[in-house]
């Protein structure tokens, strides 16, 4: 005779099955979620509300209908029922409703990694520096009541009663005494520390419009999500530039718009300053990202940018990533110059983002090296 599965276990099985269904649905629609950017407005504390389509079955509502009913309409007995015309045509598809399911950011990062086949990042910097972490792995005879280990206490009391002959199987009462009590205790464990600093730079001159900034905002969200799953601590800084550069908060980064020219070296100089003052490469894994439409004010400034990258930025960074967002006014020349200068250097990653469809390949380019 088959044993009946406990209710609690059946519930756990159903929940697990539901989570697998949700995970598969999110993975199948990942490209849609990324290109539409609809998740960015649904981010809570550590979770994202994922909209999933569902079909809601109709249900009957019982109650009195005082206004109309069978035999209560106009006309006499035997009269044909008049045909009612509607404003729209008939349809054969069922109505679709939306169910929102909370998915944690680590789960979302795992789905992204599986879909793009992203390798786990091998940190540098503090990967070999050990930090002391307290973990409750020991048992002792004294301690606060809040740390009393019930199972160990019960087992000790049972063993004492059995050995002393006071345990009665017909009346199986186990009463712990003071000497039976056991408490959890911590042990100091050394664990590797790995920190990451992400520095986003973006051209906010007049040629970078609202759509270009939205593309950058979507890509930055998914980059952050993946990097947070790889590092214990992640800090993010934002730098905007036109002819001059300055550090701003996150909201200003994605909404600020200037009308001046473009001098990319100003952003690189400020980025180097931020790294030197706050993020030593011995302790931090540094990820500079630069987004632009490819315009720079002069060839001389472009050459200066290349020198800044080679001599000051690349020695301090894990990788340097440049994403070129297409705009109606951008020349796209800066990516050409970067590829010509650093095409053989795996520390410099460049991608072209023509529209929202290019976000996913760009993320794969930036995060697919495992560095």
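Taking residue 281, is it in contact with a helix residue (DSSP H, G or I) (Cβ under 7 Å, 6 or more places away or on another chain), assigned to a loop (DSSP other than H, G, I, E, B) and either over 24 Å from residue 36 (Cα atoms) or not assigned by TED's automatic domain parsing to the domain that holds residue 323 (or both)?
Details: in contact with a helix residue (DSSP H, G or I) (Cβ under 7 Å, 6 or more places away or on another chain): yes; assigned to a loop (DSSP other than H, G, I, E, B): yes; either over 24 Å from residue 36 (Cα atoms) or not assigned by TED's automatic domain parsing to the domain that holds residue 323 (or both): yes.
In short, yes.
Within the option set 207, 266, 259, being at pLDDT below 90 and closer than 22 Å to residue 337 by Cα holds for one residue only, 207.
Might you let me know whether the range 247-264 holds any residue that is closer than 20 Å to residue 345 by Cβ, touching a strand residue (DSSP E or B) at 6+ places or on another chain (Cβ under 9 Å) and outside any strand (DSSP E or B)?
Keep residues of the range 247-264 that are closer than 20 Å to residue 345 by Cβ, which gives 264.
Now narrow it down to the ones that are touching a strand residue (DSSP E or B) at 6+ places or on another chain (Cβ under 9 Å): 264.
If we keep only those that are outside any strand (DSSP E or B) too, we end up with 264.
Yes, some residue in the range 247-264 is closer than 20 Å to residue 345 by Cβ, touching a strand residue (DSSP E or B) at 6+ places or on another chain (Cβ under 9 Å) and outside any strand (DSSP E or B).
Considering 330, 343, 323, 300, the condition of being in contact (Cβ under 8 Å) with a residue 40 or more places away in the chain and over 27 Å from the mean Cα position of the chain (by Cα) is satisfied by 330 alone.
Exactly one residue out of 238, 287 is closer than 24 Å to residue 341 by Cα, touching a helix residue (DSSP H, G or I) at 6+ places or on another chain (Cβ under 8 Å) and at pLDDT 95 or above, and it is 287. For residue 328, only one of the following conditions fails: (1) surrounded by fewer than 16 Cβ atoms within 10 Å (Cβ to Cβ); (2) more than 25 Å from residue 243 (Cβ to Cβ). What is its number? Failing condition for residue 328: (2).
How about the range 284-312: which of its residues are part of a helix (DSSP H, G or I) and surrounded by 23 or more Cβ atoms within 10 Å (Cβ to Cβ)?
Looking only at the range 284-312, we keep the residues that are part of a helix (DSSP H, G or I), and these are 299-312.
Listed by number, the residues that qualify are 305, 309.
Table: residues versus (1) under 24 Å from the mean Cα position of the chain (by Cα); (2) more than 19 Å from residue 322 (Cα to Cα).
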| site | (1), (2) |
| --- | --- |
| 200 | yes, no |
| 205 | no, no |
| 211 | yes, no |
| 225 | yes, no |
| 229 | yes, yes |
| 232 | yes, yes |
| 253 | yes, no |
| 279 | yes, yes |
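Of everything in the range 122-165 that is part of a loop (DSSP other than H, G, I, E, B), at pLDDT below 85 and surrounded by 15 or more Cβ atoms within 10 Å (Cβ to Cβ), the residue that is farthest from the chain's Cα centre (by Cα) is 143. For the range 29-41, a residue qualifies if it is loosely packed, with under 15 Cβ neighbours inside 10 Å and modelled with pLDDT under 75, and the qualifying residues are 36, 38, 41. The single condition among (1) within 30 Å of residue 316 (Cβ to Cβ); (2) surrounded by fewer than 16 Cβ atoms within 10 Å (Cβ to Cβ) that residue 178 does not satisfy is (1). Out of 101, 81, one residue alone is at pLDDT below 80, in contact with a helix residue (DSSP H, G or I) (Cβ under 7 Å, 6 or more places away or on another chain) and more than 30 Å from residue 197 (Cβ to Cβ). It is 101.
In the condition set (1) surrounded by fewer than 16 Cβ atoms within 10 Å (Cβ to Cβ); (2) under 21 Å from residue 30 (Cβ atoms), residue 345 is compliant with all but (2).
The values are calculated or read from the model by the stated rules, or taken from the named source; none is laboratory data. Quantities reported herein were computed from a predicted structural model and do not represent experimental measurements. In this analysis, Cβ positions are derived from the backbone assuming ideal geometry, glycine residues included, and neighbour counts consider all displayed protein chains.
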